[in-house]
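> Let me begin by handing over the structure; questions about it come next.
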């Protein structure tokens, strides 16, 4: 390669880092939740190919997404842990849901295949509290009388990073267990009573795969990709369900978006015979004032494209696109975004 070409390549890289592509089209940098990362990878690739506007997304966890958008180092943040309206207003941010999905339990129990195992609210919470320590425990056997459950230690695997997936899962545990609520509580990072830790959803899946007797939690797509068995869970209506996109959709069917300030919504332990008990939403965070008008308008162009054309690829990857009535509400919120102004 000639010296001239090398210099041109280096300059192009520096320009891209500044948020402006070599052909003067903006570069949209985002970071945050790993929950939606599989479909975001597809969307960013498709949109870049179609529009020429490059979109990057780093799967760093919801905590990193929130911190970086507040610091102004990225154009958009991803989080599964929604911020309150007060926090949004204080930080000059808006948030809106991009997709629905499901958090699932994954287990590595020799001889137990996908969807064979059944767990109810009491047993699941006791496992994560460290009160049930062996897979042949009488309480697990009572729910699974036909399974040959081994005498094998239970190893809980949980996230080590600040995570929206953890926020959703611990929100669920708090709703189903008074002991969990009083001893641990909910949050993007909690003091887990037992077990081992792993980074992000892929890390949890890998740790469960490698550890006999392990149990953990992850976003549904990661469990599908790694072919990990997912126990059936008993929902609020007392029905045991295997996780499916239809079950995630059912959990969100009765969400009252009209009375959700800042689109804040939790879909755990929702009523309905067909509702998956640990459904969740993944959000995007933007600055209400877009100081760089070109970048801001390009960002809205990308998000509108995701809503208009991203549904098919999201569905294929086991996510649930947002209903049209919610998309209309989100686009109404976009009318309050300002460009090139400094908020006082």
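> Based on the Kirkwood radius over alpha-carbon pairs, what is the Stokes-Einstein translational diffusion coefficient of segment 261-326 at 10 °C with 1.306 mPa s viscosity, in µm²/s?
Calculated translational D: 110 µm²/s.
> If a/c stays under 1.5 just call it rounded; otherwise compare a/b with b/c (prolate if a/b is bigger, oblate if not). Do that for segment 141-221, with a ≥ b ≥ c from the square roots of the Cα gyration tensor eigenvalues.
Note, shape of segment 141-221 comes out oblate.
> Taking Cα atoms of segment 193-239, Rg/Rh with Kirkwood Rh, to two decimals?
My calculation puts Rg/Rh at 1.01.
> Another one. Helix 164-176: angle to the longest alpha-carbon principal axis of the chain, degrees 0 to 90, nearest 10?
It is inclined by approximately 40 degrees.
> While we're here: First measure r as the distance between the Cβ atoms of residue 264 and residue 49, then evaluate 1/(1 + (r/R0)^6) with R0 = 41 Å and state the FRET efficiency to the nearest 0.05.
My answer for the efficiency is 0.75.
> I would also like to ask the following. Could you work out how far helix 37-51 tilts from the main Cα principal axis of the chain, as a 0 to 90 degree angle to the nearest 10?
20
> Still on this structure, I have one more. Please report, largest first and rounded to whole Å, the three semi-axes of the ellipsoid equivalent to segment 288-337, where each semi-axis is the square root of five times an eigenvalue of the C-alpha gyration tensor.
The equivalent ellipsoid of segment 288-337 has semi-axes of 23, 13, 7 Å.
> Using only the Cα atoms of segment 50-145, each taken as one equal point scatterer with no solvent, compute I(q) by the Debye sum, divide by I(0), and report log10 of the ratio at q = 0.12, 0.14, 0.21 Å⁻¹.
With one equal scatterer per Cα and no solvent, log10 I(q)/I(0) is -0.66, -0.76, -1.03.
> Between residue 254 and residue 328, what FRET efficiency follows from the Cβ-Cβ distance if R0 is 25 Å, with the result rounded to 0.05?
After rounding, the FRET efficiency stands at 0.85.
> Using the 10 angstrom Cβ neighbour count as an exposure proxy, how do 192, 135 rank, fewest first?
The order, fewest Cβ neighbours first, is 192, 135.
> Here is a further query. Per q in 0.19, 0.20, 0.25, 0.29 1/Å, what log10 I(q)/I(0) does a Debye calculation on the alpha-carbon atoms of segment 145-189 return?
Normalising to I(0) and taking log10 leaves -0.69, -0.72, -0.85, -0.97.
> Now for a separate question. How fast does the chain diffuse by Stokes-Einstein, in µm²/s, taking the Kirkwood radius from C-alpha pairs at 37 °C and 0.692 mPa s?
For the chosen part, D equals 156 µm²/s.
> Can you put 222, 40 in order of Cβ neighbours within 10 angstrom, beginning with the fewest?
222, 40
> Can you tell me, using C-alpha contacts under 8 Å and at least 6 residues apart, the relative contact order of segment 103-279 as a whole percent?
Relative contact order, segment 103-279: 30 percent.
> To test your reading of the geometry: what angle, between 0 and 90 degrees and rounded to tens, separates the Cα axis of helix 324-334 from the longest principal axis of the chain?
Rounded to the nearest ten degrees, it is 40.
> Let me know the volume per residue of the alpha-carbon convex hull for segment 200-290, in Å³.
That works out to 120 Å³ per residue.
> Fewest Cβ neighbours within 10 Å first, please rank 125, 313, 134 accordingly.
Taking fewest neighbouring Cβ atoms as first place, the list is 134, 313, 125.
> Same structure, new question: Which whole-angstrom value gives the distance between the alpha carbon centres of segment 54-86 and segment 276-292?
Here the two parts' Cα centres lie 8 Å apart.
> I've got another one for you. For segment 114-163, compute Rg over Rh where Rg is the Cα radius of gyration and Rh is the Kirkwood radius from the inverse mean 1/r over Cα pairs.
1.01
> Follow-up question, since we're still on this one. For segment 103-279, state the semi-axes of the equivalent ellipsoid (square roots of 5 times the eigenvalues of the alpha-carbon gyration tensor), sorted largest first and rounded to whole angstrom.
24, 18, 16
The numbers here are math on the coordinates, done by the rules we state, and not lab data. Because the structure is predicted, anything quoted here is derived from the model rather than measured. Neighbour counts are summed over all protein chains in view; Cβ atoms, including those assigned to glycine, are modelled from backbone coordinates with ideal geometry.
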